[in-house]
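K.L.:
After the structure tokens below, expect a handful of questions from me.
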Amino acid sequence: MSTLDDETLNRQDKLKKLIISQGRIIYGPTHPSGHTFDVITDSQKTSQYHCESSASLVVYTRPNSFADWKILCMGQNTPYGTERAMGDLLDSLQHVSEAAGEKLKVGMEIEGNRD
């Protein structure tokens with residue numbers, strides 16, 4: 001297990017916050033208040049010398065509890081590490097929110113229903 005330096009941890013923390021913000025805009029309407037969004041990461045060894053990382057946006061489905069959760073969006077596996085996986089997940093979420101909001105103009109309002 002490798003240890004991460006403060007700079008790497010700070011970058012990953014900033015990415016996590018951005019991912020959660022994007023996720024709340026997209027998935028918040030379908031998950032009432034009290035639910036907690038989070039980012040999880042995973043690394044899988046693919047060979048003796050290589051591994052792939054992935055990042056996922058999850059929501060804890062029982063308000064104020066971490067007992068039950070589900071994955072809302074899963075990023076692609078990448079051989080370039082956890083930080084890259086988190087960046088790829090953020091890019092995916094930004095594309096979803098851009099597509100949802102491309103018909104909006106400044107000053108317009110949109111309701112948060114996903115029906």
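K.L.:
Regarding residue 97, is this residue of a type in the set (Ser, Thr, Tyr), surrounded by 13 or more Cβ atoms within 10 Å (Cβ to Cβ), modelled with pLDDT under 90 and outside any loop (DSSP other than H, G, I, E, B)?
P.N.:
Values: of a type in the set (Ser, Thr, Tyr): yes; surrounded by 13 or more Cβ atoms within 10 Å (Cβ to Cβ): yes; modelled with pLDDT under 90: yes; outside any loop (DSSP other than H, G, I, E, B): yes.
For residue 97, the condition - of a type in the set (Ser, Thr, Tyr), surrounded by 13 or more Cβ atoms within 10 Å (Cβ to Cβ), modelled with pLDDT under 90 and outside any loop (DSSP other than H, G, I, E, B) - is met.
K.L.:
Restricting attention to the stretch 56-74, which residues are loosely packed, with under 13 Cβ neighbours inside 10 Å and not in a loop (DSSP other than H, G, I, E, B)?
P.N.:
70, 71
K.L.:
Right, here's the next one. Take the residues in the stretch 17-55 that are part of a helix (DSSP H, G or I) and without any contact (Cβ under 8 Å) to a residue 24 or more places away in the chain; name whichever of them is surrounded by the most Cβ atoms within 10 Å (Cβ to Cβ). Write out each step before concluding.
P.N.:
Keep residues of the stretch 17-55 that are part of a helix (DSSP H, G or I), which gives 17-30.
Narrowing further to those that are without any contact (Cβ under 8 Å) to a residue 24 or more places away in the chain: 17, 21, 24.
Working: 17: 11, 21: 14, 24: 16.
Going through the qualifying residues, I end up with 24.
K.L.:
If you take the residues in the stretch 1-16 that are at pLDDT below 90 and among the hydroxyl-bearing types (Ser, Thr, Tyr), which one is surrounded by the most Cβ atoms within 10 Å (Cβ to Cβ)?
P.N.:
Among residues in the stretch 1-16 that are at pLDDT below 90 and among the hydroxyl-bearing types (Ser, Thr, Tyr), the one surrounded by the most Cβ atoms within 10 Å (Cβ to Cβ) is 3.
The values are calculated or read from the model by the stated rules, or taken from the named source; none is laboratory data. Quick caveat: nothing in here was measured; it's all calculated off a predicted structure. Cβ sites come from the backbone with ideal geometry, for glycine too, and all protein chains shown count toward neighbours.
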